[in-house]
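Scroll down for the structure; my scribbles are underneath it.
The values are calculated or read from the model by the stated rules, or taken from the named source; none is laboratory data. This one's a predicted model, so the numbers in the text were calculated from it and none came from an experiment. Cβ placement follows ideal geometry from the backbone for every residue including glycine, while neighbour counts extend to all protein chains displayed. Surface areas here come from the heavy atoms of the whole protein model, side chains and all, with no ligands, DNA or RNA. Shrake-Rupley method; radii C 1.70, N 1.55, O 1.52, S 1.80 Å.
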Amino acid sequence: MLTDVFVHEKAICESRSVGPGTRVWAFAHVMEDARVGRGCNVGEGCFIEAGAVIGDHCTIKNGVKVWNGVTLEDHVFLGPDAVLTNDFLPRSRRQREPRPTRLATGASVGANATIVCGVTVGRWAMVGAGAVVTRDVPDHALVYGNPARQHGWVCACAEPMEPGRRCPCGRLYELRQGEAAEAGE
Amino acid sequence: MLTDVFVHEKAICESRSVGPGTRVWAFAHVMEDARVGRGCNVGEGCFIEAGAVIGDHCTIKNGVKVWNGVTLEDHVFLGPDAVLTNDFLPRSRRQREPRPTRLATGASVGANATIVCGVTVGRWAMVGAGAVVTRDVPDHALVYGNPARQHGWVCACAEPMEPGRRCPCGRLYELRQGEAAEAGE
Amino acid sequence: MLTDVFVHEKAICESRSVGPGTRVWAFAHVMEDARVGRGCNVGEGCFIEAGAVIGDHCTIKNGVKVWNGVTLEDHVFLGPDAVLTNDFLPRSRRQREPRPTRLATGASVGANATIVCGVTVGRWAMVGAGAVVTRDVPDHALVYGNPARQHGWVCACAEPMEPGRRCPCGRLYELRQGEAAEAGE
């Protein structure tokens, strides 16, 4: 039995690995052998496939499908109708090993963005609405467009920031090998 | 009780503010405190959130989600899987005031287009399929691409037109401050 | 009665023209007068409209809507949330003759791609994830971007190939009038 999990009466939740405080809304489907952490929100019409791994405190807005081969770490945000994949060169009725995709802690993916499989979206990175991500996104990068290009940096608080200049929220970042990291960490 | 509203037996309609002649199709969900006018079509799998406001005679094709903060005036067309938003810089498990979006009378949004929150799509404007709209769209403008740019003008009848030249449908437009308006109105 | 068709208990299948071995998953809806061939997979949340024609052995991933006016030949792959259309210049509450779209045998459409109505996607062509297809796609062409442009060729086996050089899978193609065709066929 799942403890302290809300499952809407029109949802299907077959997994026994869903953490406390998580809510699964109408017309969503969490398959057996999908893993969902605690305190997550699985929006209406979502599909969490067997083999998908979702961390704690993630927000998965309406209509998102999380496939086998996709890993969400903690505090990940997937906007409405964001699209993930697990087969790089698909053909009908051909089953292949999924190509893995990783969304690191705190990453946000905008509405209707597409994440081509095989990439890593870095910690607290932000993918703009409608973007098509075809390569790795550095930690704290802001990317958008088709194909997605980097246009700046964002703080964990979500506001744009510049490494070396303190964000009004108090955090300070520095550049390390092409990624932004909190200074002193 | 709703009067003269069709709700498919597999839909959820919790709102008491839905106008006569409106139809809500299977796997759609209209939340309590969502307002939907008369003569609308809410397609299969749509989600109308509490706080959303939809005028009369709108067509909302399958899979569209209309969020709190979004206003559709009358005769708006939202193509299949068109995507709206209400949080400009989202993070997981953070609730913010929605940034409002307005779709003016007669506007059409193509299939799978993305409307970034905060914009107004003008009267009888047309957003092409797959476009990503990041700024206001003038009345009667035709926009497409990612990001969406203006590529011409469209008549209320939907055909491309040029201000100053009468559309075969009989309407004549003139330019006023960067927007097209019917001459003499 | 349908013979040897799996229909999930939360799906709606009203068509009597669905071939053996086809599966229809939860929250999907196949309308009466939609035609679906044998050995197809109609994913969760899909919608197959009356008038749509789907061949044999097609894979239609979750969330795809196939409209009246759309024809899928055999072995077609539609990735998750791929979007089709049938009205080029839509307005609310206006019904028009659908503009036909054809997906030829073996074509693959990537996740969240948009196919503007009126085009033909050629045999074994591949449309990249998030692409917006606005014109015909040659047989075996690889296209992506918004608008979609050709960036190479793909083999029936799905791997990139060059006409005149044998694919590791054994197939050899030659160019004929701007399309790739198997040599000797």
**Report entry** Considering only region B:58-185, percent of DSSP beta bridges that pair antiparallel, nearest 5
**Finding:** 35
Requested in this report: Calculate, for region C:31-160, the solvent-accessible area per residue in square angstrom, rolling a 1.4 angstrom probe over the heavy atoms of the protein chains.
Outcome: 33
Query raised in the report: Round to a whole number: what % of the accessible area of region B:11-55 belongs to carbon and sulfur, probe 1.4 Å?
Result: 45
Report summary line: Everything considered on the Cα gyration tensor (a ≥ b ≥ c; rounded for a/c under 1.5, else prolate if a/b is larger than b/c, else oblate), the protein assembly as shown must be described as rounded
Requested in this report: Give me the percent of DSSP beta bridges within the protein assembly as shown that run antiparallel, rounded to the nearest 5.
Outcome: 20
**Report entry** In Hz, Karplus ³J(HN,Hα) per residue of region B:41-56 (6.51, -1.76, 1.60; θ = phi - 60°; x = Gly, Pro)
**Finding:** 10, 9, x, 4, x, 6, 9, 10, 7, 3, x, 5, 10, 10, x, 8
**Report entry** C-alpha center-to-center spacing [region C:64-95, region C:97-114] in angstrom
**Finding:** 7
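Please report the carbon-and-sulfur percent of the accessible area for region B:61-185; probe 1.4 Å, protein heavy atoms only, DNA, RNA and ligands left out. If you can, show how the numbers build up before the last one.
Values: 2320 of 5160 Å².
Of the solvent-accessible surface of region B:61-185, carbon and sulfur hold 45 percent.
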Query raised in the report: With the solvent-accessible surface defined on protein heavy atoms using a 1.4 Å probe, which residues belonging to region C:64-103 display a reduction of at least 30 Å² in accessible area in the multichain context relative to the isolated chain?
Result: C:Lys65, C:Trp67, C:Phe77, C:Pro80, C:Asp81, C:Val83, C:Leu89, C:Pro90, C:Arg91, C:Ser92, C:Arg93
Requested in this report: Please list the radius of gyration and Dmax for region C:121-165, considering alpha-carbon atoms only, with Å as the unit.
Outcome: 9.8, 30
Query - Relative contact order (percent, whole number), chain B, Cα cutoff 8 Å, 6+ residue spacing - result: 10
Report summary line: The answer for B:Lys65, listing residues at least 5 apart or on another chain whose modeled amide H is closer than 5 Å to its amide H, is B:Phe47, B:Leu84
Query raised in the report: Once the mean 1/r over all distinct Cα pairs of region B:69-154 is inverted, what Kirkwood radius in angstroms do you read off?
Result: 12.6
Query raised in the report: Hey, which of these cross-link pairs are over 18 Å Cα-Cα: A:Lys65/B:Lys65; A:Lys65/C:Lys61; B:Lys65/C:Lys10; A:Lys10/C:Lys10; A:Lys65/B:Lys10; A:Lys10/C:Lys65?
Result: B:Lys65/C:Lys10; A:Lys65/B:Lys10; A:Lys10/C:Lys65
Report task. Give the residues of region B:81-103 whose amide nitrogen is closer than 20 Å to a point set 7 Å from the Cα of A:Cys157 in the direction of its Cβ. Result -> B:87-99
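Note down the net charge around C:Val132, summing +1 for each Lys or Arg and -1 for each Asp or Glu among other residues with Cβ under 13 Å from its Cβ.
Once all neighbours under 13 Å are counted, the net charge is +1.
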Query raised in the report: Once label points are set 7 Å from the Cα along Cα→Cβ at both A:Gln150 and C:Gln95, what is their separation, rounded to one decimal in nm?
Result: 5.4
**Report entry** Copies compared at C:Phe88 - label distances in nm, ascending, label defined 7 Å from Cα in the Cβ direction
**Finding:** 3.7, 3.7
Query raised in the report: Whose amide H sits under 5 Å from the amide H of A:Val132, counting only residues 5 or more places off or on another chain, with H placed in the peptide plane?
Result: A:Thr114, A:Gly145, A:Asn146, A:Ala148
Query raised in the report: Along region A:81-86, what does the Karplus equation 6.51 cos²θ - 1.76 cosθ + 1.60 (θ = phi - 60°) give for ³J(HN,Hα), rounded to whole Hz, x for Gly and Pro?
Result: 6, 4, 10, 10, 9, 9
Query - Reciprocal mean inverse distance between Cα atoms of region A:1-124 - Kirkwood radius, Å - result: 14.1
**Report entry** For A:Glu14, label point 7 Å along C-beta direction: distances to other copies, nm
**Finding:** 2.7, 2.7
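Within 12 Å, Cβ to Cβ, of A:Leu89, how many net charges do the neighbouring residues add up to if Lys/Arg are +1 and Asp/Glu are -1?
Around A:Leu89, the surrounding residues sum to +2.
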**Report entry** 3J(HN,Hα) from dihedral phi, region A:97-104, Karplus parametrisation 6.51/-1.76/1.60, rounded to Hz, x for glycine, proline
**Finding:** 4, x, 8, x, 10, 10, 10, 6
Query - Of the GluC sites (Glu not before Pro) in region B:1-63, those whose Cβ has at most 16 other Cβ within 10 Å and which sit in DSSP loop - result: B:Glu9, B:Glu14, B:Glu32
Query raised in the report: So how much accessible surface do A and C hide from each other in total, probe 1.4 Å, in square angstrom to the nearest 100?
Result: 2200
Query raised in the report: Can you list residues whose amide H is under 5 Å from B:Cys13's amide H, if they're 5+ apart or on another chain and H is modeled 1.01 Å from N?
Result: B:Val30
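Before anything else, pin down the relative contact order of region A:1-75: Cα pairs under 8 Å, at least 6 apart, normalised by residue count, whole percent.
On the way: 237 pairs, mean separation 17.4, N = 75.
Averaging sequence separation for qualifying contacts and normalising by length gives 23 percent for region A:1-75.
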Query raised in the report: Which distances, shortest first and in nm, link C:Asp136 to the matching position in the other copies, using label points set 7 Å out along Cα to C-beta?
Result: 4.3, 4.3
Requested in this report: Would you mind computing, in nm to one decimal, how far apart the modelled labels at C:Glu14 and A:Ala181 are, each placed 7 Å from Cα along Cα→Cβ?
Outcome: 5.9
